[in-house]
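What follows is a single structure, written as structure tokens, with notes after it.
The values are calculated or read from the model by the stated rules, or taken from the named source; none is laboratory data. Computed from a predicted structure; not experimentally measured. We place every Cβ from the backbone using ideal geometry, glycine too, and count neighbours over all the protein chains shown.
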Amino acid sequence: MRSHDFHESLEVERRWSPVVDRWLSREYDVRVADREEDRRGIDRFITRPDGTVTTIDYKHDQKGWKTGNFFMETCSNEASGREGWALTAEAEWILYHVITGAKQTGHPVYLLRVAAIRTHLPWWTRRHPERRAFNKDKGTGREWTTLGICVPFRAADRAVGYALRLGDDCPTTL
């Protein structure tokens, strides 16, 4: 069973989200979501040059480069039955950042439309393994299990709007 420390995940987010923000800021105005917006699965508001706004939920994955898979979270807490981000995120896009090392450029970044994820999720569920990830909050001692579908990067091509590398030119048509 996959496992990870909740505090470590927060540290990864704190480290890498500003790097991604700086990258996106080359093309867009980026606003960090407030706490309530974050609870709804929105991490950033992106204002396009024409003034329209889109929303993004960031996912920073330290294991994807080893597994070759997206972890599409379908249940964030197995005991409570709380649905995962693949079913609940209110953002228009998921920015899935695959961390490959300490260097701040060259990491794969996938931009996936949330609507496309939800369209493909039943198909992926039938064809790819569901995995459990054991989670522990070392600060509180709280433990829980997350469920998700492990979708190979190559199998998600229809849901991927963009496949880029961190540091390359930003997509100009989000």
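The set of residues in region 127-140 being outside any loop (DSSP other than H, G, I, E, B) and not aromatic (F, W, Y) consists of R127, E130, R131, R132, A133, N135, K136.
L95 fulfils the conditions (1) under 21 Å from E143 (Cβ atoms); (2) within 10 Å of the chain's Cα centre (by Cα) except for a single criterion, (1).
Selection of region 69-106 for residues being of a type in the set (G, A, S) and either in a loop (DSSP other than H, G, I, E, B) or exposed (fewer than 14 other Cβ atoms within 10 Å of the Cβ) (or both) yields A79, S80, G81, G84, A89, A91, G101, A102, G106. Scanning region 43-57 for residues that are surrounded by fewer than 19 Cβ atoms within 10 Å (Cβ to Cβ) and either of a type outside the set (D, E, K, R) or touching a Cys at 6+ places or on another chain (Cβ under 6 Å) (or both) yields F45, T47, P49, G51, T52, V53, T54.
A Cβ distance below 7 Å, combined with a sequence gap of six or more or placement on separate chains, defines the contacts here; from region 127-152, residues that are farther than 22 Å from Y96 by Cα reach residues that are surrounded by 18 or more Cβ atoms within 10 Å (Cβ to Cβ) in the pairs E143/N135; W144/N135. Annotation note: Cβ proximity below 7 Å between a residue of region 46-70 that is under 14 Å from L111 (Cα atoms) and a residue that is at pLDDT 95 or above and among the acidic types (D, E) (sequence gap 6+ or interchain) occurs for T54/E92; T55/E92; I56/D43; D57/D43; Y58/D43.
Test V20 against the criterion of being in contact with a His (Cβ under 7 Å, 6 or more places away or on another chain), of a type in the set (A, V, I, L, M), surrounded by 19 or more Cβ atoms within 10 Å (Cβ to Cβ) and touching a residue at least 12 places away in the same chain (Cβ under 8 Å), and give yes or no. Yes, satisfied.
Mind counting the residues in region 107-126 that are in a helix (DSSP H, G or I) and under 15 Å from D157 (Cα atoms)?
Number satisfying all stated conditions: 10.
Residues in region 23-36 that are in a helix (DSSP H, G or I) and touching a residue at least 12 places away in the same chain (Cβ under 8 Å) were compared, and the one that is surrounded by the most Cβ atoms within 10 Å (Cβ to Cβ) is W23.
Filtering R118, R154, R132, R142 for residues that are more than 26 Å from P18 (Cα to Cα) and modelled with pLDDT of 95 or more leaves a single hit, R118.
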